[in-house]
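Reading through the C-alpha cells given below for one structure.
The values are calculated or read from the model by the stated rules, or taken from the named source; none is laboratory data. None of these values were measured; they are calculated from a predicted model. Methodologically, a virtual Cβ is constructed for each residue, glycine included, from the backbone with ideal geometry; neighbour enumeration extends over all protein chains shown. Accessible surface areas use protein heavy atoms only, side chains included; no ligands, DNA or RNA. Shrake-Rupley method; radii C 1.70, N 1.55, O 1.52, S 1.80 Å.
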Amino acid sequence: MKEVKIEIADKEYKVLIAETEEERAQGLGNVESMDDDEGMLFIMPEDQGQVVFNTEEMEFDIDLVFIDQDDEVYNVVLGKAHSSEPIISTPESEEGRTKYVLEVNANSGIQIGDELDFEEDIDEEEIDSIDDVKENYLDESSDEG
C-alpha cells in the first residue's frame, strides 16, 4: 500500500491508501493498533453518495471521517470494535458525494467542517498514484456488475 501524508484538523497523519479491492475490503481489520498520527484513506468512486462501512473485524475503536467532494468533513462517526452495526453516511446536499473516508484512532478531534489537505510538497508521482487508485477502483467496480 502507498503511504501519503495528509493534514486535517491542524494535525498531520501518515495514511495508507487502500488500492486493491482486497485492501479496501480488509481496511484496518488486520491491524491490532495504530499510532495517533496514522490512518487509512479510502478513495471513493466518482459517483459515490451514500457509503456503508463496518467495524466487525476491528480490534480497536476508530473514527470514520467522511469527506465530501470539496475535501470538507461532513460527518464523523465512532466505529466500535467488533460491532455488527453498519455505519452509513450520506452527504447532506443532493448533488453531494463522498470523496474520501478516513479511518483514524477514536477521539481524533476531527470535526465536521474540517478540511483535508495533502502535504504541500507531495510529489507528482504520489498525486498520479491517487488518480490511479480512483481509476482502478472504478474499473474493478464496473467489472463486478
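General remarks:
- Scanning the stretch 47-56 for residues that are assigned to a loop (DSSP other than H, G, I, E, B) and open to solvent by 80 Å² or more (accessible area, probe 1.4 Å), we see that the one that is modelled with the lowest pLDDT is Asp47.
Let's see how each residue does on (1) at pLDDT 95 or above; (2) among the polar types (S, T, N, Q):
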{"position": "Thr90", "(1), (2)": "no, yes"}
{"position": "Gly96", "(1), (2)": "no, no"}
{"position": "Val104", "(1), (2)": "yes, no"}
{"position": "Asp114", "(1), (2)": "yes, no"}
{"position": "Ile122", "(1), (2)": "no, no"}
{"position": "Ile130", "(1), (2)": "no, no"}
{"position": "Val133", "(1), (2)": "no, no"}
{"position": "Leu138", "(1), (2)": "no, no"}
{"position": "Asp143", "(1), (2)": "no, no"}
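- Failed condition for Phe66, given (1) assigned to a loop (DSSP other than H, G, I, E, B); (2) among the hydrophobic types (A, V, I, L, M, F, W, C); (3) touching a Ser or Thr at 6+ places or on another chain (Cβ under 6 Å): (1)
- Listed by first and then second residue, the pairs with beta-carbon distance under 8 Å, at least 6 apart or on different chains, first residue in the stretch 77-92 and without any contact (Cβ under 8 Å) to a residue 24 or more places away in the chain, second surrounded by 12 or more Cβ atoms within 10 Å (Cβ to Cβ) and among the aromatic types (Phe, Trp, Tyr), are Val77/Phe66; Glu92/Tyr74.
- Residues that are crowded, with 19+ Cβ neighbours inside 10 Å and under 14 Å from Ile110 (Cβ atoms) within the stretch 76-91 comprise Val76, Gly79, listed in sequence order.
- Applying the criterion of at least 3 residues that are aliphatic (A, V, I, L, M), open to solvent by less than 50 Å² (accessible area, probe 1.4 Å) and over 18 Å from Gln69 (Cα atoms) to the strands (runs of 3 or more DSSP E) found wholly in the stretch 1-46 leaves an empty list.
- When the criteria are applied in full, Glu32 meets the requirement of being farther than 24 Å from Asp117 by Cα and not small (Gly, Ala, Ser).
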